1. Can you name the residue in region 212-242 that is buried (at least 16 other Cβ atoms within 10 Å of the Cβ), at pLDDT 85 or above and among the aliphatic types (A, V, I, L, M) and is also farthest from ILE116 (Cα to Cα) among such residues?
2. Looking at (1) of a type outside the set (Gly, Ala, Ser); (2) assigned to a strand (DSSP E or B); (3) surrounded by 17 or more Cβ atoms within 10 Å (Cβ to Cβ), which is the only condition CYS352 fails?
3. Going through VAL95, VAL136, VAL179 one at a time, which residue ends up being among the aliphatic types (A, V, I, L, M) and in contact with a helix residue (DSSP H, G or I) (Cβ under 6 Å, 6 or more places away or on another chain)?
4. Hey, does region 183-190 have a residue that's part of a loop (DSSP other than H, G, I, E, B) and either buried (at least 17 other Cβ atoms within 10 Å of the Cβ) or not small (Gly, Ala, Ser) (or both)?
5. Select from region 88-110 the residues that are closer than 16 Å to LEU63 by Cα and within 23 Å of the chain's Cα centre (by Cα) and write down the one among them that is least open to solvent (accessible area, probe 1.4 Å).
6. Return the only residue of SER254, SER199, SER276 being in a helix (DSSP H, G or I) and either at pLDDT below 80 or closer than 20 Å to TYR312 by Cβ (or both).
7. Using beta carbons and a limit of 7 Å, which pairs, at least six apart or on different chains, have the first residue in region 242-266 and within 23 Å of PRO205 (Cβ to Cβ) and the second one open to solvent by 60 Å² or more (accessible area, probe 1.4 Å) and among the charged types (D, E, K, R)?
8. Go through region 281-311 and report how many residues are under 18 Å from LEU360 (Cβ atoms), in a strand (DSSP E or B), of a type outside the set (Val, Ile, Thr) and open to solvent by less than 30 Å² (accessible area, probe 1.4 Å).
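The values are calculated or read from the model by the stated rules, or taken from the named source; none is laboratory data. All figures in this text were calculated on a predicted structure; none of them were measured in a lab. Positions of Cβ are backbone-derived with ideal geometry, glycine not excepted, and every protein chain shown enters the neighbour counts. Heads up: the accessible areas ignore ligands, DNA and RNA and are worked out on the full protein's heavy atoms, side chains in. Shrake-Rupley method; radii C 1.70, N 1.55, O 1.52, S 1.80 Å.
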Amino acid sequence: MKSKGVLSSSFNMSLGFIPVIIAILLSEFITQDVAIYIGTIVGVVYSIYNVSYQPIKIPNFILYLSTVILTLLTLATFISGSYIPPRALPLTLEVSIFIPMMILFQHKRRFINYFITKKTSCTRRFFTQGAESSIVAARFALILGVIHFIVISIGILYSEGQLTKEATAIFYKYLPPTVFILAIILNQIGIRYFNKLMSHVEYVPVVDTKGNVIGKSLAVEALSYKNTYINPVIRIAISVKGRVFLCNRSKKCSLDRDRVDYPMECYLHFNETLASGVKRVVKQTFPDVEGLHPTFNAFYHFENKLTNRLVYLFLLEIDDDSILCSPHFKEGKLWGFQQIEQNLNRNFFGECFEKEYEHLKSIIDIRERYKVS
């Protein structure tokens, strides 16, 4: 499967700096207090849109942080006294936002793991991606912020603490909004570069327990995130005259490696129908055989510590078992029901197979009796 873009601009969490940029720019034309009020209103409205109305509901934690800082400054305006020195709003906002952002970045793994473990499977993906994207945005912003403060330090040392009026304006007035704007631009460039690298990578749908598609993830994530998301999986059992063809799973499999199971199993691709997925699996397994048409039997949700999948079970009945004589099937052979039952619950068969066995046995029995009658 191909995609024109794996990540959209919704993943550019640096856009959360927009309320801050607006407040800084307005402070050059109106009073600092009013600029903060407007920035706070923009942040609140943007946050509501992000939470309730955005098509892809990925939380922007950078936006929430910016809005909180602006809200605190808004409250500070009601306290008597000069809470911010005149014309110091740009640098004050930069420092106020970067300090908690630095703390967040220092604890990035704990921050991401919190959403992986605490949220339900339906929302876990979006919160995890939001947390990961926010960490990326924080990295861009912090690098630029560090460069900014290095430049200020060099300027102060070079001028022996006597900065000119022009240097003061550049360091304290113009560079803070520039840092935020560059963070947005660099974050977007990073997303475009990532999309270019990943443009030919396969990805799989993320579904709920009823099979409704609620998102997508890279195919490699299905393995690395283990049971974080529910991914649809096609499994095809092969039956020959009332017996089931089974073989050893590959040692490279993340689930039930080297156990006995069906030879055909794969993830359904994103935007791929079940019929197309089944046809693809059959073609890959039997490239030179025509006229093989598996029939759908059941679907169920299966989850353990290694995987979280919605399994679609199909049955392929064949009359000529000569097509099974292939090195593609590792130690494959036909099994009778009695022989299978002697080895159940002994960690010999795959977990999914043992879960499906009784249903599969009844289906094959009924179809064989139907053939005889």
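1. My answer is VAL240.
2. (2)
3. VAL179
4. Step one: list which residues in region 183-190 are part of a loop (DSSP other than H, G, I, E, B), which gives none.
No: zero hits.
5. MET101
6. SER276
7. Close Cβ pairs satisfying both conditions: ASP256/GLU351.
8. Qualifying residue count for the region: 4.
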